[in-house]
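The values are calculated or read from the model by the stated rules, or taken from the named source; none is laboratory data. The model shown is predicted, which means the values in this text are computed figures rather than measured ones. As a convention, Cβ positions derive from the backbone with ideal geometry for all residues, glycine included, and neighbour counts pool all protein chains shown.
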């Protein structure tokens, strides 16, 4: 259980960093949305009418990934530090 949660936390951290990079690049250079294949695919997938709405969506995704990562981290710390001291 601990190893699985650790892997999930690591994957969420990597995803959060990837989203952070693309969010910052999209804010600094709005043309990045059209130039990058992955971001352009997501832009068309979400069918947003403006680049500002798309930037808002990826910012919310960034925030959600960090919230989810922290929730999983709390569970991980529970299993590592508290669970072993409870009698079965």
Of 62, 76, the only residue that is at pLDDT below 90 and either within 14 Å of the chain's Cα centre (by Cα) or loosely packed, with under 11 Cβ neighbours inside 10 Å (or both) is 62
Residue count, segment 32-47, condition at negative phi and either touching a strand residue (DSSP E or B) at 6+ places or on another chain (Cβ under 7 Å) or outside any helix (DSSP H, G or I) (or both), comes to 1
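Mind telling me which of the residues 12, 25 ends up being under 18 Å from the mean Cα position of the chain (by Cα), closer than 27 Å to residue 72 by Cβ and in contact (Cβ under 8 Å) with a residue 24 or more places away in the chain?
Working: 25 fails: in contact (Cβ under 8 Å) with a residue 24 or more places away in the chain.
Answer to the check: 12.
Checking the condition within 26 Å of residue 2 (Cα to Cα) and surrounded by 11 or more Cβ atoms within 10 Å (Cβ to Cβ), which residue from 43, 83 passes? Please lay out each step first, then the result.
Values: 43 fails: within 26 Å of residue 2 (Cα to Cα).
Within the list 43, 83, the selection yields 83.
When you look at residue 36, is it in contact with a helix residue (DSSP H, G or I) (Cβ under 8 Å, 6 or more places away or on another chain), surrounded by 11 or more Cβ atoms within 10 Å (Cβ to Cβ) and touching a residue at least 12 places away in the same chain (Cβ under 8 Å), yes or no? Spell out the reasoning first.
Numbers: in contact with a helix residue (DSSP H, G or I) (Cβ under 8 Å, 6 or more places away or on another chain): yes; surrounded by 11 or more Cβ atoms within 10 Å (Cβ to Cβ): yes; touching a residue at least 12 places away in the same chain (Cβ under 8 Å): yes.
Yes.
Each row is one residue, and each column tells you yes or no for (1) in contact with a helix residue (DSSP H, G or I) (Cβ under 8 Å, 6 or more places away or on another chain); (2) assigned to a loop (DSSP other than H, G, I, E, B).
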| position | (1), (2) |
| --- | --- |
| 10 | no, no |
| 20 | yes, no |
| 30 | yes, yes |
| 49 | no, yes |
| 65 | yes, no |
| 68 | yes, no |
| 71 | no, no |
| 75 | yes, no |
Of the listed residues (54, 81), the one being over 16 Å from the mean Cα position of the chain (by Cα) and at negative phi is 81
